[in-house]
Amino acid sequence: MALNTDNIKLVFGLKLKQLRLDKGLSLNELSQKSGLSLSYINEIEKGKKYPKADKIIALAKSMDVDYDTLVSLKLSKRLEPISELLDSNVLTELPLELFGIDPASLLQILSDAPTKISAFVGTLIEIARNYNMSIEKFHFSALRTYQEMHDNYFEDIEIEAEKFLVDYDLHTSNCIIQSQIADILINQYGFIIEHINEKTNPEFSSVRSLTIPGQPTTRILINDQLSDIQRTFVLAREVGYLYLNLKNRLHTTALVEDETFEQLLNNFKASYFASAVIIQRKKLVPKLQSFFEQKTWQPTILLQMIEDFQTTPESFCYRLSNVLPKYFGLKNIFFSRFNNFSGQGLFEMTKEMHITKKHYPHTVKDEHYCRRWVALTILNELAELTSNSAPKSKAVKTLCRAQRSTYLDTKDEYLVISLAQPTATAHLNVSVSMGVYLNESSIKTIKFLDDPNLTKRIVNQTCERCALFDCRERIAAPIILQKRHKNEELRKALKKVIK
């Protein structure tokens, strides 16, 4: 077990405390037997100090154990889960202060109740194993939590993006185009921009971009399959790394390279910067204000905004998650992305974010998402429009649909706006959605909610949990709901018998 200095102190403190308790000694009794002050032993047990050899000898002798047993990094069986936690580098890789956690306080919690904490940590590790949670997924979960804690809005990066636009006289541009960002990288930062050669390096065929640092010239290789819009974002993200002075970085977005949380966090910051540069908040907010003031649902306005900013539906929706809480008070929102192959009834949620609370929809394993969600119905509609039998006279670019969804069980209501389009992968379609929880504040802000042409539907979480038995879209039996009802009947019978 390779540990840093702080964790070595913690391990020693945990062992000392456990041995003392096993011997039935109080802190005061150990202090008297060893000749060390009570406060000093307390500091050791909390992982704040590591004693010198003569003091370790005194402690070992007081508890009738040998020196090597006390200094060994091996923990007892009861503390093995904590040992696994320390070995996983979670405590050292995650900047806990970002989550409002004082690392010293966390170590103190571990040392104060090692057995109970050990059981809790063991449970978390077991859950992670059962769900096959890799370190990459752990990092992404931690990043998503960090974003949600801040309502996915970061004023410092917004300010830096606007400063960059002024520095390079881009703030008056209606939209940022690829050539503008490329010129900055080449002329200001000395970059060389090249194509990924799939013949020479076929292993990079699925990689969007690859940055190869060098002295004096850095090369950035871009996949030929990317659209101009995607290329602009890749280059703007590269500028973000440089302008924000982010050193510890990913050289590609491939998960195989993700080694530390800091790398993933810096990639997020650079990507946020790119989004703020391409979709400027000073231009976006007034457009959204006008959109929300409409008395009727106007999807063409949203589609025109996406075109005006020369961005993608996904980048646009994600940018909405930055500005809606800050500028419109819409803090109960979610963002989601679904993938679907045409003709197949399988829908995979590939990205999600929840602001303020956990909303529906969210990822559920081994269940069937409600087929009434607009995020799924729009994909079915797109599949029909792009099928072999569909007319070829007009290519499908982007669909935009909206729905007022009321959840059957909770009566929670959302306005969900979904955009769907085909991808470069044959038969693969993707939908991205922004959901707004309808409460007094959001109803006051969004004027078109009473438009009779706005679709309204009763929805639920999954088929397995749904009590809407006459649902035409149902594709699975409500087995979880039935089990819940059966257990409830059993509880009622038990209470009756006991009384």
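Odds and ends about this structure:
- Restricting the range 331-365 to residues that are among the charged types (D, E, K, R) and under 17 Å from LEU428 (Cα atoms), the residue that is most open to solvent (accessible area, probe 1.4 Å): GLU348
Rundown of residues vs (1) open to solvent by 10 Å² or more (accessible area, probe 1.4 Å); (2) outside any strand (DSSP E or B); (3) under 26 Å from LYS351 (Cβ atoms), yes/no style:
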residue	(1), (2), (3)
CYS400	no, no, yes
THR410	yes, yes, yes
LEU419	no, no, yes
SER433	no, no, yes
LYS486	yes, yes, no
LYS496	yes, yes, no
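- Residue identified as modelled with pLDDT of 90 or more and open to solvent by 50 Å² or more (accessible area, probe 1.4 Å) among ASP224, ASP228: ASP228
- Among the conditions (1) under 44 Å from the mean Cα position of the chain (by Cα); (2) not acidic (Asp, Glu); (3) not in a helix (DSSP H, G or I), the only one that LEU14 does not satisfy is (3).
- Some residue of the range 395-412 being modelled with pLDDT under 95, under 21 Å from GLN304 (Cα atoms) and among the hydrophobic types (A, V, I, L, M, F, W, C): yes
- Filtered residues of the range 174-199 (kept if surrounded by fewer than 13 Cβ atoms within 10 Å (Cβ to Cβ) and assigned to a loop (DSSP other than H, G, I, E, B)): ASN174, GLY190, ASN197, LYS199
- THR311 meets all of the listed conditions (1) outside any loop (DSSP other than H, G, I, E, B); (2) β-branched (Val, Ile, Thr); (3) under 30 Å from SER179 (Cβ atoms) but one, namely (1).
- Residue list for the range 450-476, filter: of a type in the set (Val, Ile, Thr) and surrounded by fewer than 17 Cβ atoms within 10 Å (Cβ to Cβ): THR455, ILE458, ILE475
- Scanning the range 155-173 for residues that are farther than 19 Å from VAL285 by Cα and part of a loop (DSSP other than H, G, I, E, B) yields TYR168, ASP169.
- Annotation note: of GLU84, GLU93, GLU97, GLU29, the sole residue that is at pLDDT 90 or above and of a type outside the set (Ser, Thr, Tyr) is GLU29.
- Applying a threshold of 6 Å to beta carbon distances and a minimum spacing of six or more residues, or different chains, the list of pairs starting in the range 152-175 at a residue that is of a type in the set (Gly, Ala, Ser) and ending at one that is open to solvent by less than 40 Å² (accessible area, probe 1.4 Å) reads ALA161/PHE273; ALA161/ALA276; ALA161/VAL277.
- Those residues of the range 148-172 which are closer than 13 Å to TYR272 by Cα and either among the hydrophobic types (A, V, I, L, M, F, W, C) or open to solvent by 10 Å² or more (accessible area, probe 1.4 Å) (or both), in sequence order: TYR153, PHE154, GLU155, ASP156, ILE157, ILE159, GLU160, ALA161, GLU162
- Positions within the range 320-375 being more than 22 Å from the chain's Cα centre (by Cα) and without any contact (Cβ under 8 Å) to a residue 40 or more places away in the chain, in sequence order: GLN344, LEU346
- Summed over the range 260-291, the residues that are outside any helix (DSSP H, G or I) and open to solvent by 10 Å² or more (accessible area, probe 1.4 Å) give a count of 2.
- Sole exception among (1) surrounded by fewer than 22 Cβ atoms within 10 Å (Cβ to Cβ); (2) under 19 Å from HIS354 (Cβ atoms) for PRO299, by number: (2)
- Residue match in the range 424-437 (condition: farther than 30 Å from ASN223 by Cα and either out of contact with any helix residue (DSSP H, G or I) (no Cβ under 7 Å at 6 or more places or on another chain) or at pLDDT below 95 (or both)): yes
- Residues of the range 440-458 that turn out to be acidic (Asp, Glu) and assigned to a helix (DSSP H, G or I), as a count: 2
- Residue that is least open to solvent (accessible area, probe 1.4 Å), among those in the range 1-43 that are β-branched (Val, Ile, Thr) and farther than 16 Å from THR69 by Cβ: ILE41
- Scan of the range 253-295 for residues that are over 18 Å from the mean Cα position of the chain (by Cα) and either at pLDDT below 95 or among the charged types (D, E, K, R) (or both), ordered by number: ARG281, LYS282, LYS283, LYS287, GLU293, LYS295
The values are calculated or read from the model by the stated rules, or taken from the named source; none is laboratory data. Just so it is clear, the model here is predicted, and its values are computed rather than measured. Every residue, glycine as well, gets a Cβ built from its backbone with ideal geometry; the counts of neighbours run over all protein chains shown. Surface areas here come from the heavy atoms of the whole protein model, side chains and all, with no ligands, DNA or RNA. Shrake-Rupley method; radii C 1.70, N 1.55, O 1.52, S 1.80 Å.
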